[in-house]
Each structure stands twice: as C-alpha cells, then as structure tokens.
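Accompanying notes for the structure given below.
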Amino acid sequence: MKLRYIYKIIRCSLLIALGLIITSCGNSSDNSTKNERKKAKEPEYLYGICIDSFDIKVDTIRKNQFLSNIMQKENIDYNTITHIEKNHRNIFDIRKIKPGQKHTFLISRDSIPTPVFWIYEINKIDYAVFSLTDSLTAWIGHKDVETRTEYIEGIIETSLWNAMQAAGGEPNITMGLSDIYAWTVDFFGIQQGDTFKVVYENRYVNEECIGMGKILACYLNNAGSPHYAYYFEQNGRGEYFDEEGNNLRKAFLKAPLNYRRISSHFSNARKHPVTKVVRPHYGVDYAAPTGTPVVTIGDGTVIEKGWDKKGGGNYLKIKHNSTYTTTYMHLNGFAKGIQKGSKVKQGQVIGYVGSTGMSTGPHLDFRLNKNGKYINPLTFESPSVEPVSSENKAAFEEVMKKYIELGVGSC
C-alpha cells in the first residue's frame, strides 16, 4: 500500500512539472511573438508612396536648369524625358518648374539602383509625382495641412506695422486688418497708444508654418474708439461684422488710395495754388507719389473718361447708383481696360496718381457727388451692406461669444 501511494505521488508530481514546462514554453512563445511584433517596423510613407524599399535623393531646382538636365544626371533615358514633357501637361506643365523648388528621386535598392519616381514640389502643399518606369503615369498630390488658431496683441508706439512686428506677428496680419477696417478706420489716423488684439489662423505642414489663413476676430482701439470685427459666414459668403451684427463692409471705401497726406481739404472757398483765385474746392486732394494706384471706392460704371479742360487733367467719373457718383482727377494714366461704359468693382484699380492739368505736384483730386451735389468725402458716412440676418443672429452670437472668451469682445 505504501509503495502504491508513493507511486501516485511521484506520478502527480511529474504531471505537474510537465504542465509547468508546457505553460512556460507557451509564455515564452507568446513573449517571443510580442517582441517580434514590437520589432516589426511600421511602413514609412513619403508623398503617399511607401518608401521602405527606396533610397531618397533630395535636391532643389537650380537657375537655368531644365527637366533634361535633372533627369540625365540620374541616367534616365531620353524617351522617358520626352514622355513626361509631352504627355503630362494636363497634370503639370514641366516647363513651369522654378528655381529654388524642392524635388526628390525615389531610387530602388536593386543591384542596379534605378529611379522609380520623381516628385516636384509645386508649392508648400501641392506636388507632382511622375512614375519613371513601366506605366509612366503622373498625378498631383497634396500634403496634409493643419490649421491652428493663434492670438496676438500689442500697443502701437509708432505704427501698426512696427507694433505687429514687435509683437511677433507677420505683415499679412497688418494687411488683413487694413482690409477688414478699410471702410471704418483711417489708418493714417493711427495714434500712439492705440491697441489691437487679433485671433487668426496659421497653417502648418509637418510643423512648418506655411502662411496665414483667415483673421477670425479682431479689435482695434483707435483714438479711444473701439472697433470690433468677427468673421461669420452667411448665404455662402464669409464677411466681417461688428458686435451688433452690422457688416463692416460699406457701400464705399474710406479712401481711393494709400496716400501720404491730405494736401487740400473740401472747401467752399479755397485759393487755387495755380490761378491764385478763391473759388470752391469740392474735393479732397490726396498727396501721393506719381504712379500710386487709384481704386474705385465702390461698384459702378465709368460714365466719363478723358481730359478735363477746366484743369483736372486726366480724369474718370464713375456712377455707382442713382444717388452717388465719384470723380478722380489729375491722373497720370488709366488702368488697362478702363473705358467709358466699363463695369468696375469696389477696390479695382482704375488709374494712377499724377500731376496732369493745373497741378503743382502729384496728387489725386477726389470728389463725391450725392444727388447732384458735392459732399465732403471725409465726413461722409457710407451706408453698410447687408447685416447678419435675423435667422442667423443666434449662430452669430455663438461665434462672437467664443472670441469674447479669448479677450476679443466688448462684453
């Protein structure tokens, strides 16, 4: 009995040991599999192509370098070069490659390395891919763009431009503010101590900033007057509105050009600088260098173009509607395509500053006529175009609330 009992104990012990060995082997196998998975490398892509089996050769287009120069350096045959030049113009016209642009060859790791793809970067986002073997296909690709919302603020000491640079902002923000407030703020009236806040988009590709997107909200305090602007889309169009939902875009621009100074104001009795005769001056003289572009302050039709015999020199007259017309005088010349009867859009260049006619120096004599009577352009309040509609008011207030929380708001 004792021997039989001892035998059972030994047999059980052996079975337990065998089980432990099998479990240990299983765990070892699982761990080995897990380690192998860890070691397995994820496929790597460039320009949408898996590059695990390619070597990469990157370069830039040099001055006076053509496709043939680039390809022949990689021993690509003439027939392939000709095919790319002639058969892929609908994809990308290779004659438009520019010096300084990046280009890349993907080269096979065969016993004889062979270029398989050539990629030309059209810009920071778009690129053209050309297959150099077999099918000789081509296509346009696009890099992923990340849009980030960023914020900047500052105090103006000398100019908005300098203040923006001091705050770390780019020139495009300044230009954007000029466009947004073109109808409401005279940027030549910016004063020391004026402040600004801007919420805007920046676009990134692979952590590289490739440029600014939209300004989403902004605030400009000019001479104690606050000006708010919020970007909002309605009826398929994005525009800027103030905190009351009024459109910042007006029927007419604040001024028809970027000027140095106002050399003569609207007056009912001004001594003419040439004739020395006191007579009304029903316009505003904007002093600016010869050739400075002059734009129409609103949509309209050119109703007169020519030479003013009363001293205005080269001039244009534009009818905007049944109420308003504007006149632009002493022009050095007219913009291409501007003729009597031409339809023009607000902000379109119509001519250039000059000193034609009776003039002592280059300037624009600008006149605004309302219902047949000249009025002072500097004191004129232009009517706004369509505000935020009643049905979109709640959505606009939600957008505005978001930017108020970021510090751009009156609440």
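The values are calculated or read from the model by the stated rules, or taken from the named source; none is laboratory data. Just so you know, these numbers come straight off a predicted model, no measurement behind them. Here the Cβ positions follow ideal geometry from the backbone for every residue, glycine too, while neighbour counts run over all protein chains shown. The area values use the complete protein model at the heavy-atom level, side chains included, leaving out ligands, DNA and RNA. Shrake-Rupley method; radii C 1.70, N 1.55, O 1.52, S 1.80 Å.
The table for this structure:
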read-out: Residue selected from segment 129-140 under the condition surrounded by 15 or more Cβ atoms within 10 Å (Cβ to Cβ) and more than 15 Å from ASN90 (Cβ to Cβ), by the criterion farthest from the chain's Cα centre (by Cα); value: LEU132
read-out: Tally, over segment 347-382, of residues that are among the small types (Gly, Ala, Ser) and surrounded by fewer than 18 Cβ atoms within 10 Å (Cβ to Cβ); value: 4
read-out: Residues of segment 220-257 satisfying the condition of being more than 29 Å from GLU157 (Cβ to Cβ), open to solvent by 30 Å² or more (accessible area, probe 1.4 Å) and outside any strand (DSSP E or B); value: ASN235, GLY236, GLU244, ASN246, ARG249, ALA251
read-out: Filter result (crowded, with 20+ Cβ neighbours inside 10 Å and either farther than 30 Å from LYS402 by Cα or in contact with a Pro (Cβ under 8 Å, 6 or more places away or on another chain) (or both)) within segment 160-172; value: MET164
read-out: Total residues in segment 197-223, condition without any contact (Cβ under 8 Å) to a residue 60 or more places away in the chain and either at negative phi or of a type in the set (Asp, Glu) (or both); value: 13
read-out: Qualifying residue in segment 277-293 (condition: at pLDDT 95 or above, open to solvent by 70 Å² or more (accessible area, probe 1.4 Å) and more than 15 Å from PRO377 (Cα to Cα)); value: no
read-out: So GLU386, is it open to solvent by 40 Å² or more (accessible area, probe 1.4 Å) and without any contact (Cβ under 8 Å) to a residue 12 or more places away in the chain; value: no
read-out: Members of segment 53-86 found to be closer than 13 Å to PRO115 by Cβ, part of a helix (DSSP H, G or I) and basic (Lys, Arg), listed by number; value: none
read-out: Leading residue by the ranking (most open to solvent (accessible area, probe 1.4 Å)) among those in segment 294-332 that are part of a loop (DSSP other than H, G, I, E, B) and within 20 Å of GLY357 (Cα to Cα); value: LYS309
read-out: Tally of residues being in a strand (DSSP E or B), open to solvent by 30 Å² or more (accessible area, probe 1.4 Å) and under 30 Å from LEU378 (Cβ atoms) across segment 176-219; value: 3
read-out: Yes/no for ARG95 being surrounded by 12 or more Cβ atoms within 10 Å (Cβ to Cβ), without any contact (Cβ under 8 Å) to a residue 12 or more places away in the chain and at negative phi; value: no
read-out: Given (1) buried (at least 17 other Cβ atoms within 10 Å of the Cβ); (2) closer than 27 Å to GLY100 by Cβ; (3) in contact with a strand residue (DSSP E or B) (Cβ under 8 Å, 6 or more places away or on another chain), number of the condition ASP126 does not satisfy; value: (1)
read-out: All positions within segment 115-156 that are of a type in the set (S, T, N, Q) and without any contact (Cβ under 8 Å) to a residue 60 or more places away in the chain; value: ASN123, SER131, THR133, SER135, THR137
read-out: LYS345 touching a Ser or Thr at 6+ places or on another chain (Cβ under 8 Å), closer than 18 Å to TRP183 by Cβ and among the charged types (D, E, K, R); value: yes
read-out: Residues satisfying the stated conditions in segment 98-116, i.e. part of a strand (DSSP E or B) and either open to solvent by 50 Å² or more (accessible area, probe 1.4 Å) or of a type in the set (S, T, N, Q) (or both); value: LYS102, THR104, SER108
read-out: Lone qualifier among GLU157, GLU153 - being part of a strand (DSSP E or B) and either surrounded by fewer than 14 Cβ atoms within 10 Å (Cβ to Cβ) or not small (Gly, Ala, Ser) (or both); value: GLU153
